[in-house]
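To start, the structure under review is shown below, and the notes come after it.
The values are calculated or read from the model by the stated rules, or taken from the named source; none is laboratory data. From a predicted model like this one, the values you see are computed outputs, not experimental measurements. Here the Cβ positions follow ideal geometry from the backbone for every residue, glycine too, while neighbour counts run over all protein chains shown. Please note that ligands, DNA and RNA were not included when accessible areas were found on the heavy atoms of the full protein model with its side chains. Shrake-Rupley method; radii C 1.70, N 1.55, O 1.52, S 1.80 Å.
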Amino acid sequence: MTPPSPAWKIALALLVLIAPSHGHACNLPSELSRVVTKVPSADSLLLDDGSEVVLIGAMPPVSLDQSDPSQPAWSPAEVTRKHLEALVGGKAVDLAFAGRRLDRYGRQLAHVFLNEPIVLNQTQSRHWVQGDLLANGLARAYTLPGNAACIDDLLTQENHARSNQAGHWGSGLFQDRSAHDPRELARFRDTFQSIEGRIDHTAKVRGHQVFDFTATVRSGFSVWIAPPAATRRKSSAISAESLAGKHVRVRGWLEQRRGPRLTLDDIRHIEILPEPPHPPQPEPDNAATSDPLSPIPAAHQ
């Protein structure tokens, strides 16, 4: 990917400075207080007890070319990291947990709040670091299996930045991919993406609720909701049956099976959108691919 020009970086930095901060949501109780000693990346902090914390729920921009770690930091990610460093570097923060607390590398998975209350509408409120990054357009909302706390607040902050074209939204770096262009989606395999399109039909496959975005499922884009999400569907305003024919946005790590796929653990990752003025036309299904790692069962071909 071609590095952004200096003019691009200056423009984005100005957008970050003027974008309003709405980092005052997510009501998880704080459990720990620490001081940030270093900000090594755009989504992690080193703390004074030697531990590292990942800012769960805020996905910074990631380059498609991550093959050479010796290369200088990618400019868009560095813009996010510098904003984070200015926000929390050397300051006391509170950590809040919900669900899984550690990743496979032993890093804490937490929502982080500045230990300095801010005043909004004459009311003191904690300053939510993830909410700040999202509202300023410097990250996108996501959750991990078993750690979907504050998903509604995360989406609210992201949508604020999206509608105001703040930060990376204004530069065009963040954008929704079309669910109806599987060949284009194949370029983004193994990356985090938000994808928009119309659900053609739904099905049940091996206990999963499957949403297909084309009538021919062999190579089209699909979303699979893992079985553990069934209990969460009961308390959600969204039901699988109500989504057929809807224009939606989904987000997650894109896989390539026989076609591009997202596997989610929470139906709340599916956002119903207003109908577009010109519905997208499906791509011709003449570029089918085959992935021997996970063949689609015959009932779903």
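Residue count for the range 182-198 under the criterion of being open to solvent by 10 Å² or more (accessible area, probe 1.4 Å), in contact (Cβ under 8 Å) with a residue 24 or more places away in the chain and touching a Ser or Thr at 6+ places or on another chain (Cβ under 8 Å): the result is 3.
Can you pull out every residue in the range 91-118 that is open to solvent by 60 Å² or more (accessible area, probe 1.4 Å) and out of contact with any Leu (no Cβ under 7 Å at 6 or more places or on another chain)? Hits for the range 91-118 are R104, Y105, R107, N115, E116, P117.
Quick one: in the range 77-90, of everything that is free of Cβ contacts under 8 Å to residues at least 40 places away in the same chain and under 22 Å from the mean Cα position of the chain (by Cα), which residue is least open to solvent (accessible area, probe 1.4 Å)? Ranking the candidates gives A77 first.
Looking at V112, is it over 24 Å from R251 (Cβ atoms), modelled with pLDDT of 95 or more and in contact with a helix residue (DSSP H, G or I) (Cβ under 6 Å, 6 or more places away or on another chain)? No. Could you run through the range 251-273 and say how many residues are in contact (Cβ under 8 Å) with a residue 60 or more places away in the chain and not in a loop (DSSP other than H, G, I, E, B)? Number satisfying all stated conditions: 10. Taken together, A288, A244, A240 contain a single residue that is over 24 Å from A58 (Cβ atoms), modelled with pLDDT of 80 or more and not aromatic (F, W, Y), which is A244. Within the range 163-181, the set of residues being surrounded by fewer than 22 Cβ atoms within 10 Å (Cβ to Cβ) and either over 15 Å from V79 (Cβ atoms) or touching a Pro at 6+ places or on another chain (Cβ under 7 Å) (or both) comprises S163, N164, Q165, L173, Q175, D176, R177, S178, H180, D181.
Yes/no per residue for (1) closer than 30 Å to S163 by Cβ; (2) modelled with pLDDT under 95; (3) of a type in the set (K, R); (4) surrounded by 18 or more Cβ atoms within 10 Å (Cβ to Cβ):
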position: A25; (1), (2), (3), (4): yes, yes, no, yes
position: V35; (1), (2), (3), (4): no, no, no, no
position: V39; (1), (2), (3), (4): yes, no, no, yes
position: S44; (1), (2), (3), (4): yes, no, no, no
position: L47; (1), (2), (3), (4): no, no, no, yes
position: S51; (1), (2), (3), (4): no, no, no, no
position: L55; (1), (2), (3), (4): yes, no, no, yes
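Taking the criterion of being at pLDDT 95 or above, more than 20 Å from T156 (Cα to Cα), open to solvent by less than 40 Å² (accessible area, probe 1.4 Å) and under 19 Å from the mean Cα position of the chain (by Cα), would at least one residue in the range 57-73 satisfy it? For the range 57-73, residues at pLDDT 95 or above, more than 20 Å from T156 (Cα to Cα), open to solvent by less than 40 Å² (accessible area, probe 1.4 Å) and under 19 Å from the mean Cα position of the chain (by Cα): absent.
The set of residues from the range 223-237 being at pLDDT 75 or above and open to solvent by 10 Å² or more (accessible area, probe 1.4 Å) comprises A226, P227.
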